[in-house]
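Written below as structure tokens is the structure these notes are about.
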Amino acid sequence: MDETSRFRWKGELPEAISYDYALQTGVKNRQRHLRVDWNTRQVHVEGDKGSETYPATPGIVERNTLPLALGVALQGGQQQVALAVAVRQRVETQQFRIVGKETIQVPAGSFRPNGSTAPTPIAASARGTPRSAIRCR
């Protein structure tokens with residue numbers, strides 16, 4: 001698997017420039033290429049299911065830079081954040097909020113991550129199982 005994101009810093013948050021994903025196994029091959037053309041303000045997506053072009057929104061992130069944007073927001077003390085995320089066919093706003101804290105013990109020590117939820121329908125895995133919490137350090 002090869003997954004690469006290119007982004008620029010727009011203020012305090014990352015902003016997508018491109019995203020490339022390739023999976024090659026003996027059973028299946030998958031590819032997705034996302035490119036944001038900031039001159040024309042268009043997002044171009046090419047993948048196994050065809051090509052899409054749609055308007056870019058300032059401040060968008062893609063699936064690989066989403067955790068980085070969340071981490072920056074949490075580090076800045078935000079309790080809620082709405083992020084514009086470029087998906088296959090459009091830009092969708094995903095809402096995240098802090099729902100609690102807990103201490104996690106690992107061999108290297110313990111830490112207190114924030115638990116956050118993404119209550120939007122897009123916060124689901126490829127198989128349709130909702131992600132109920134995202135752990136952030």
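The values are calculated or read from the model by the stated rules, or taken from the named source; none is laboratory data. This is a predicted model, so every value here is computed, not measured. Neighbour counts are summed over all protein chains in view; Cβ atoms, including those assigned to glycine, are modelled from backbone coordinates with ideal geometry. For accessibility, only protein heavy atoms count, side chains too; no ligands or nucleic acids. Shrake-Rupley method; radii C 1.70, N 1.55, O 1.52, S 1.80 Å.
Which residues, taken from segment 48-70, are outside any loop (DSSP other than H, G, I, E, B) and open to solvent by less than 30 Å² (accessible area, probe 1.4 Å)?
So in segment 48-70, the residues outside any loop (DSSP other than H, G, I, E, B) come out as 50-55, 61, 66-70.
If the condition is that a residue be outside any loop (DSSP other than H, G, I, E, B) and open to solvent by less than 30 Å² (accessible area, probe 1.4 Å), then Tyr54, Val61, Leu66, Ala69, Leu70 are the ones that fit.
When both residues are 6+ apart or on different chains and their Cβ atoms are under 7 Å apart, which pairs have a first residue that lies in segment 20-48 and is farther than 21 Å from Trp9 by Cβ, and a second that is among the small types (Gly, Ala, Ser) and loosely packed, with under 14 Cβ neighbours inside 10 Å?
Gln31/Ala22; Val45/Ser51
When the residues of segment 1-35 are narrowed to those that are closer than 24 Å to Leu83 by Cβ and among the β-branched types (Val, Ile, Thr), which ends up surrounded by the most Cβ atoms within 10 Å (Cβ to Cβ)?
Ile17
Residue check: is Asn39 polar (S, T, N, Q), within 17 Å of Val85 (Cβ to Cβ) and open to solvent by 40 Å² or more (accessible area, probe 1.4 Å)? Before you say what the answer is, go through the steps one by one.
Working: polar (S, T, N, Q): yes; within 17 Å of Val85 (Cβ to Cβ): no; open to solvent by 40 Å² or more (accessible area, probe 1.4 Å): yes.
It is false that Asn39 is polar (S, T, N, Q), within 17 Å of Val85 (Cβ to Cβ) and open to solvent by 40 Å² or more (accessible area, probe 1.4 Å).
Would you check if Leu83 is aliphatic (A, V, I, L, M), part of a strand (DSSP E or B) and at pLDDT below 95?
On the way: aliphatic (A, V, I, L, M): yes; part of a strand (DSSP E or B): yes; at pLDDT below 95: yes.
So Leu83 fits the description; yes.
Anything in segment 8-35 that is farther than 14 Å from Thr65 by Cα and either in contact with a Leu (Cβ under 6 Å, 6 or more places away or on another chain) or hydrophobic (A, V, I, L, M, F, W, C) (or both)? List them, or say none.
Residues satisfying the conditions are Ala22, Leu23, Val27, Arg30.
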